[in-house]
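Only one structure is covered here, and it is reproduced in the block below.
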Amino acid sequence: MRQCVIGIWKDTTDGFIEGVPMIYANGAWTRSLKPYVYDGTTWQPVGHAGTLMIPFITSTGDPFYESGGTPLYVRSHE
């Protein structure tokens, strides 16, 4: 089963690790199947790629932007 994951900053050695969003409800922890985060204006889905996503960086170290002006993200795993 594909599940949502979020990035959790562990330390400078390990960097980001994968974590599964959990919700405490009715006295038990359960996995959040469709987590959302409020960005100040709207609710946006998070973690739906099933793996950590990182920004695509050009050879000069700058972020790569799509034609629409949004940053391009890629999977962090091989």
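The values are calculated or read from the model by the stated rules, or taken from the named source; none is laboratory data. Nothing here was measured: the structure is a model prediction, and the numbers come from that model. No Cβ is skipped: glycine too gets one built from the backbone with ideal geometry, and neighbour counts run over all protein chains shown.
Quick notes
- Those residues of the range 37-68 which are closer than 14 Å to Q3 by Cα and hydroxyl-bearing (S, T, Y), in sequence order: T51
- Residue that is modelled with the highest pLDDT [pool: residues in the range 61-78 that are part of a strand (DSSP E or B) and farther than 25 Å from K34 by Cβ]: Y65
- Filtered by the rule that a residue be in a loop (DSSP other than H, G, I, E, B), more than 19 Å from P71 (Cα to Cα) and charged (D, E, K, R), the range 1-60 gives R2, D14, K34.
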